[in-house]
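What follows is a single structure, written as structure tokens, with notes after it.
The values are calculated or read from the model by the stated rules, or taken from the named source; none is laboratory data. Every value quoted in this text rests on a predicted model; they were computed, and no experiment measured them. With ideal geometry, Cβ positions are generated from the backbone for all residues, glycine too; neighbour counts draw on all protein chains shown. The accessibility values were calculated without ligands, DNA or RNA, using every heavy atom of the protein model including side chains. Shrake-Rupley method; radii C 1.70, N 1.55, O 1.52, S 1.80 Å.
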Amino acid sequence: MELSVLQKSRYDYAPKLPGMLRHGIAEISVKEGEETQSVADQEQIKALFPNTYGKKEITFVKGANTSAAKKQVVGVILSGGQAPGGHNVVCGLYDALKATNKDNELYGFKGGPSGLLDDDYLIFDDAYINKFRNTGGFDIIGSGRTKLETPEQFAIAAEVCKKHGITAIVIIGGDDSNTNAGVLAEYMAANNTGVQVIGCPKTIDGDLKNEDIEISFGFDTATKTYSELIGNVERDCNSAKKYWHFIKVMGRSASHVALECALQTQPNICLISEEVAAKKMSLSQIADQIADSVITRAEKGMHFGVVVIPEGVVEFVPEFSVLIAEINELLAGSKADEFNSLASWKEKYAFIKDGLTEASMKVFAILPTAIQQQLFLERDPHGNVQVSLIESEKLFSEMVGAKLAERGYAERYATLHHFFGYEGRCAFPSNFDSDYCYSLGYNAFMLIQYGYNGYLSKVSNLSAPASEWVAGGMPITKMMNIERRHGEDKPVIKKALVELDGAPFKYFEANRAKWAEETCFTYPGAIQYYGPTEVCDLPTITLTLEHAK
């Protein structure tokens, strides 16, 4: 198959490494920091992780390499949803491994964590890995969502590692995957397997973030891809001047993607789920807010606009969360069969009205019929409403239409709907993500070479040029707290939500009233790979604002 010109060109791009990783393997030394504690629930986390808790943060510095020389056989796993740059994590890991000792080997377990359990793998060589350098996607070995969390699974993983002489496993994933990496690391240490486990922070949602992890990989590329698309829609919107575009973007648990896209494109309205929850906003209040913008702009002769909506916003509306809980209870057990046996929507509606409280029925009644029916679509494996299937962009556009009618607004209100999700997950990684991911992989091998276990590959100072980035590692347990999951207390990496007192949201908050009334659209355009550094290596606005001096 003929390759695209960009694809061929990207194979030859040489990712930039942090300064201390450029000295050559023989000149990379370790500086140890303070012992660490988990972000919360210290005694419980310590009891669960006696072999990997409280370890020191480390930084790589220039100096004599004091690691023990030995052959390393490393396994790598891509876990969870795709994020741009994953291929470069594998490439960086491979290059560091081979630069240290050409006899070192890298096993790629296929299809995610299940590949380790099924002993389904390939062994990387130069010819194979070179076909994936600086490219998007996870097709280098595939990914999967199997969780490594039971002692039986850990025993199988240890046996597979022993069979192949594997000395370390690198798990590339989000908060759940890296939680599993931490638990697996503890198992490997407790059972004296000699196998190290290292994690790498991935998720386009941006919610794997804390004082140590400044940004998860893939966020930069995904938000720039979505922002290009939103900017294109805005340009069309400002040209046709006749539609309100409602655009849903990825972000089930946090609104980092929506906020970054708003900062890049300056839409008329952007909902932030965390603010909705903090202010206990109702669906009606949200619709009123958007309707205000529609009317204000119409009075100025502008019958068009753009609204950006995070994927999971409805779950942050208190009254809607109560409604969902009641629906889950209403359809529990055999009652679901009774509901499904009803022939018409009229009969089902009566069943619903009978089963909901008056307050929840009031919320349900204001929803458009199509959204009401979506709430009773196929359930998840636990029998719950699949909130991600709700077309919230259509929900709000219809609710705004109803609000306008209530207010006697007789002007034209025409809408179009979009959902930008899969478009960003496998995009060609930006230079930032290409460099960051390669550094994470290279850095992960240095952690392995120095014998660390239960650590996350950490690259920081990311708002500066790559030459000034700082590489090192932090214990995964430092990020953990205890949360209630499926009726049990579980150690998990704490999700990072948008901070309403943080610089990115404060900047958005200071400008959004103007954006709501005027046409302030900005057009980021396509990701640039070649040209001036200030254009091609630009980090996200979120990262820039968070690290503004």
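Descriptive notes on the structure:
- Residue in the stretch 261-273 that is open to solvent by less than 10 Å² (accessible area, probe 1.4 Å) and over 30 Å from the mean Cα position of the chain (by Cα) present: no
- Of all residues in the stretch 406-435, those satisfying the criterion of being small (Gly, Ala, Ser) and open to solvent by 50 Å² or more (accessible area, probe 1.4 Å) are Gly408, Ala410.
- Unique residue being in contact with a Gly (Cβ under 8 Å, 6 or more places away or on another chain) and of a type in the set (Val, Ile, Thr) when the list is Thr179, Thr167: Thr167
- Only one of Val492, Val535 that is open to solvent by less than 50 Å² (accessible area, probe 1.4 Å) and β-branched (Val, Ile, Thr): Val492
- Sub-9 Å Cβ pairs linking a first residue in the stretch 395-414 that is acidic (Asp, Glu) to a second residue that is in a loop (DSSP other than H, G, I, E, B) and open to solvent by less than 50 Å² (accessible area, probe 1.4 Å), at least 6 apart or interchain, are Glu398/Leu367; Glu398/Pro368; Glu411/His303, ordered by first then second residue.
- The set of residues in the stretch 538-549 that are open to solvent by 60 Å² or more (accessible area, probe 1.4 Å) and among the aliphatic types (A, V, I, L, M) comprises Leu538, Ala548.
- Failed item in (1) over 19 Å from Ala168 (Cα atoms); (2) open to solvent by 20 Å² or more (accessible area, probe 1.4 Å), with Thr135 passing the rest: (2)
- For the stretch 1-36, filtered to residues that are part of a helix (DSSP H, G or I) and among the small types (Gly, Ala, Ser), the residue that is nearest to Thr100 (Cα to Cα) is Ala26.
Residues checked against (1) over 18 Å from Ala444 (Cβ atoms); (2) in a helix (DSSP H, G or I):
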{"site": "Ala158", "(1), (2)": "yes, yes"}
{"site": "Val170", "(1), (2)": "no, no"}
{"site": "Ile204", "(1), (2)": "yes, no"}
{"site": "Glu211", "(1), (2)": "yes, no"}
{"site": "Thr223", "(1), (2)": "yes, yes"}
{"site": "Leu229", "(1), (2)": "yes, yes"}
{"site": "His245", "(1), (2)": "yes, no"}
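- Every listed requirement among (1) at pLDDT below 95; (2) farther than 20 Å from Ile213 by Cβ; (3) open to solvent by less than 20 Å² (accessible area, probe 1.4 Å) is met by Phe508 save one, (1).
- Enumeration of residues in the stretch 60-75 that are of a type in the set (Val, Ile, Thr) and either closer than 22 Å to Ile171 by Cβ or in contact with a helix residue (DSSP H, G or I) (Cβ under 7 Å, 6 or more places away or on another chain) (or both): Val61, Val73, Val74
- Looking at Val76, Val90, just one residue is assigned to a helix (DSSP H, G or I), open to solvent by less than 50 Å² (accessible area, probe 1.4 Å) and touching a residue at least 40 places away in the same chain (Cβ under 8 Å), and that residue is Val90.
- Wholly enclosed helices (runs of 4 or more DSSP H) of the stretch 327-405 bearing at least 2 residues open to solvent by less than 20 Å² (accessible area, probe 1.4 Å): 358-366, 369-374
- Among the residues listed as Trp469, Trp515, the single one being in contact with a Gly (Cβ under 8 Å, 6 or more places away or on another chain), surrounded by 16 or more Cβ atoms within 10 Å (Cβ to Cβ) and touching a residue at least 12 places away in the same chain (Cβ under 8 Å): Trp469
- Complete set of residues in the stretch 138-156 that are open to solvent by less than 40 Å² (accessible area, probe 1.4 Å) and in a loop (DSSP other than H, G, I, E, B): Phe138, Ile140, Ile141, Gly142, Ser143, Leu148
- Taken over the stretch 97-118, the residue count meeting the criterion of being more than 20 Å from Gln82 (Cα to Cα) and surrounded by 15 or more Cβ atoms within 10 Å (Cβ to Cβ) is 7.
- The stretch 7-41: number of residues that are closer than 30 Å to Ile493 by Cα, open to solvent by less than 50 Å² (accessible area, probe 1.4 Å) and either over 29 Å from the mean Cα position of the chain (by Cα) or acidic (Asp, Glu) (or both): 3
- Subset of the stretch 436-466 [hydroxyl-bearing (Ser, Thr, Tyr), closer than 19 Å to Asn134 by Cα and open to solvent by 10 Å² or more (accessible area, probe 1.4 Å)]: Tyr438, Tyr442
- Those residues of the stretch 238-253 which are buried (at least 24 other Cβ atoms within 10 Å of the Cβ) and within 22 Å of Lys495 (Cα to Cα), in sequence order: Lys248, Val249, Met250, Gly251
- Per the listing Gly199, Gly173, Gly182, the residue uniquely small (Gly, Ala, Ser) and in contact with a Lys or Arg (Cβ under 6 Å, 6 or more places away or on another chain) is Gly173.
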